[in-house]
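Here is the structure we will look at, set down as structure tokens.
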Amino acid sequence: MTLRQLRDFQGDALINGIIEVVDRLKPLHLSIVGGDPLVRYRELEAVVPMLLKRGIHVQIVTSAFRPITQAWAGRDHLGIVVSIDGLEAEHDVRRAPATYKRILANIAGHKITVHCTITSQMMNRPDYLREFISFWSAREETRKIWMSIFTPQRGDSPVEVLTPDQRARVIAELLVLRREFPKLDMAEGLIREFEHPPSSPEECIFAKTTHTISADLKTKIQPCQFGGDPDCTQCGCVASMGLAAVGRYRLGGLIPLKHIMSVSARIGAAFERRSEPPQPTPFNIVTG
Ligand code: SF4
């Protein structure tokens, strides 16, 4: 089954469906991603206050192809992440109608997180990352910047995939740029995780602590938000690297947190098998 074959809710059915899912799974964090969730902006405007009232941290990932609701500006526990595919010339070709011109108009009055996925084409041009981060750092609407690296499916080799040399250059450049541009919100430990991504979903803390549901609010996307059969050994997901870095942190200087997380996940999974409804997961993503 493809995403296009899944039933896509609208109106009250979508609002009630999202609330039913979060009341059942009780996430700490909910990312609403796409396609583009702003396609259903009326439903989002209704459901976001309901989610925040429940104490859930909400993140909306959008291309900003339409104005972002002004009522969301400055709301605590609500993050707006705008996906931007490189500098204006390359981005506008890939993302029209969400062009730079539109994004800049539509984010006015907001504080956003810029998220860019680095491709091999970007790394063919010297200083591409510096130009991109410099442009978005200078914008007052930018609160922070996250950079991911393109993640292929296993057995696929699209032109976006970085060579090992390009990946090494990305890591070296980000380590320099994070010192020059404070809005580049990527700790050194996180950036170094790009050097050795998890070998499989079983090794990925992010995959183990998230629950990704498709637009029918039922179908689980596995093993992670990428779906299909992603090549973990070339993973470039900033969220996966962030949690991997947290997992490396040694509690009391002794026990790596990932060991505690792993034991906790095993206990949780065993408990979940025996109980109904399922136990809360720390993060949830609803795709739509
Ligand atoms: S987030 Fe990356 S490492 Fe984790 S399961 Fe998905 S592709 Fe693999």
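The values are calculated or read from the model by the stated rules, or taken from the named source; none is laboratory data. What you are looking at is a predicted structure, and each value in this text was computed from that prediction instead of being measured. Cβ: placed from backbone, ideal geometry, glycine included. Neighbour counts: every protein chain shown.
Looking at segment 202-210, is at least one residue farther than 28 Å from LEU30 by Cβ and part of a loop (DSSP other than H, G, I, E, B)?
Going residue by residue through segment 202-210, those that are farther than 28 Å from LEU30 by Cβ are none.
No.
Criterion first (touching a helix residue (DSSP H, G or I) at 6+ places or on another chain (Cβ under 8 Å), more than 10 Å from the ligand (Cβ to nearest atom), more than 30 Å from ILE15 (Cβ to Cβ) and at pLDDT below 95) does LEU217 satisfy it? Give the steps one after another, and end with the answer.
Numbers: touching a helix residue (DSSP H, G or I) at 6+ places or on another chain (Cβ under 8 Å): yes; more than 10 Å from the ligand (Cβ to nearest atom): yes; more than 30 Å from ILE15 (Cβ to Cβ): no; at pLDDT below 95: yes.
Criteria not met by LEU217.
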Legend entry - Search result, residues across segment 220-242 that are in contact with a helix residue (DSSP H, G or I) (Cβ under 7 Å, 6 or more places away or on another chain) and either without any contact (Cβ under 8 Å) to a residue 12 or more places away in the chain or among the polar types (S, T, N, Q) (or both): SER240
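Condition test on LEU184, is it touching a helix residue (DSSP H, G or I) at 6+ places or on another chain (Cβ under 6 Å), touching a residue at least 60 places away in the same chain (Cβ under 8 Å) and away from the ligand (no atom under 11 Å from the Cβ)?
Numbers: touching a helix residue (DSSP H, G or I) at 6+ places or on another chain (Cβ under 6 Å): yes; touching a residue at least 60 places away in the same chain (Cβ under 8 Å): no; away from the ligand (no atom under 11 Å from the Cβ): yes.
So LEU184 fails the test.
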Inset, instruction - With the checklist (1) within 14 Å of the ligand (Cβ to nearest atom); (2) more than 18 Å from the chain's Cα centre (by Cα); (3) assigned to a loop (DSSP other than H, G, I, E, B) in hand, flag the one item LYS258 doesn't pass. - result: (3)
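Could you check, for segment 211-225, whether at least one of its residues is more than 16 Å from the chain's Cα centre (by Cα) and surrounded by fewer than 15 Cβ atoms within 10 Å (Cβ to Cβ)? It would help to see each step written out before you state the result.
The first filter runs over segment 211-225 and keeps only residues more than 16 Å from the chain's Cα centre (by Cα), leaving 215-220.
Right, trim to surrounded by fewer than 15 Cβ atoms within 10 Å (Cβ to Cβ) and you get 218, 220.
Yes; the residues of segment 211-225 include at least one that is more than 16 Å from the chain's Cα centre (by Cα) and surrounded by fewer than 15 Cβ atoms within 10 Å (Cβ to Cβ).
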Inset, instruction - Sort through ALA265, ALA269, ALA239, ALA244 and tell me the only one that's more than 26 Å from SER83 (Cβ to Cβ), assigned to a helix (DSSP H, G or I) and within 16 Å of the ligand (Cβ to nearest atom). - result: ALA265
Legend entry - Any chance SER275 is at pLDDT 75 or above, over 20 Å from the mean Cα position of the chain (by Cα), among the hydroxyl-bearing types (Ser, Thr, Tyr) and farther than 23 Å from ILE149 by Cα: no
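Working carefully through the options TRP136, TRP146, find the one that is part of a strand (DSSP E or B) and touching a residue at least 12 places away in the same chain (Cβ under 8 Å). Talk me through it step by step, then tell me what you get.
On the way: TRP136 fails: part of a strand (DSSP E or B).
It is TRP146.
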Legend entry - Matching option when the condition is within 23 Å of ILE32 (Cβ to Cβ), touching a His at 6+ places or on another chain (Cβ under 7 Å) and modelled with pLDDT of 95 or more, among ILE60, ILE84: ILE84
